[in-house]
1. Eigenvalues of the Cα gyration tensor times 5, then square-rooted: what semi-axes does that give for the range 165-267, in whole angstrom, largest first?
2. Given Cα pairs under 8 Å that are at least 6 residues apart, what percent is the relative contact order of the chain?
3. Given [x] 57, 47, 40; [y] 64, 43, 41; [z] 81, 47, 32 as candidate values of Cα extents along the principal axes in Å, which corresponds to the one derived from the coordinates?
4. Give me the angle, in degrees from 0 to 90, between the Cα long axis of helix 3-31 and the longest principal axis of the Cα atoms of the chain, rounded to the nearest 10.
5. Cα centroids of the range 171-225 and the range 69-140: how far apart, whole angstrom?
6. Please give the length that would be gained between His252 and Ser76 if that part of the chain were fully extended, namely 0.36 nm times their separation in residues minus their C-alpha to C-alpha distance (nm, one decimal).
7. For a label point 7 Å from the Cα of Arg213 along Cα→C-beta, name the residues of the range 244-278 whose backbone N is under 14 Å from it.
8. Give me the distance in nm between label points sitting 7 Å out from Cα along the Cα-to-Cβ direction at Ala192 and Ala261, one decimal.
Amino acid sequence: MPANTQKQETDERHITMLRTAFSSVIRDALADPDTIEIMANPDGSVWIEKAGRGVVASDHRLEPSDRERVIRLVSSGAGEAVGRHSPIVSAELPGGGERFEGLLPPISSAPCFSIRKAAATVFSLDDYVEQGALKPSLAGALRDAIGCHRNILIAGGTSSGKTTFTNALLAEPAFRDERIVILEDTRELKCAARNVVQLRTLRDHVSLKQLVRSTMRLRPDRIVVGEVRGPEALDLLKAWNTGHPGGITTLHANSARGALARLEQLTLEAARQAPVALIADAIDVVVFMNRSGGKRRVEEALRVTGLDGGGYATAPLISPALSIVNQGDAS
């Protein structure tokens, strides 16, 4: 039997075993296009977040042995060791590519895991406007920023919609005729461009920092990073500021201005002093996403215009007067 056929059969058996271990509640949730995240807690409760409805507890419970079996199957499929001395599994589910995070004792009281689904369809900026999650004037300003090769930083809390909104920006026509290099830990981003290179990290072997440096030799027009969370932030800022403008990245922060402070913290993992001048030069637009009542929206968008007495000089991406006029036109 050819090696590739044997591997395919092994993968299919593994997927079948995993689907059986999931139980019907998780299988159904994975099949539902409205599902955003599935969470199995140490106490056996199962919580499911669905678009527009927030997080709801399921009537179903998973036994500790079932939860552990899921974690071990995912670990085995990803080629990772899991046990008391390596109790964390970060991987993609076979078949669908959903993001999986599993934890075993002693770091948790009992086995638990979370599954984050990628968006089934890519929303456009117009979709955000129609849903009331984005002002029409702001959508226009973001399109202008993309067309002018501005660097955009998207910030927000966990599950605030940063990745989905990044996909909406990447769907814009301005990306289609350029060479785009996308770097991620987990494959979640989609781009409308024909000339796209998508790279992903390899746990314990290839970091985002290494990928950013390697990307410079791939002749990108724009560099997009799914999420910065470490020293790679400094390399990305340098790349954006030295001939590769027009990129997008995301990070965790509680406000638009807080995102700039968070970016400083990340660069300090690779530098002795925060490169505030570099940040002010490299970041053009900061978008802050927020989630409330299960709904995600763009709450704030700032232009970074430089430095002001050592701090960052910022201004609204659109003026309040223009925002009022556009809202009136839309209604």
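Any read-out appearing in this document is the output of simple, stated calculations on the displayed coordinates, not a laboratory observation. All values derive from a computational prediction rather than experimental measurement. As a convention, Cβ positions derive from the backbone with ideal geometry for all residues, glycine included, and neighbour counts pool all protein chains shown.
1. Value: 20, 16, 13 Å, ordered largest first.
2. 15
3. Of the labelled values, this structure produces [x].
4. For helix 3-31, the angle is close to 80 degrees.
5. Computed from Cα coordinates, the inter-centre distance equals 20 Å.
6. 60.3 nm
7. Answer for the range 244-278: 270-271.
8. Using points 7 Å along Cα→Cβ, the separation is 3.6 nm.
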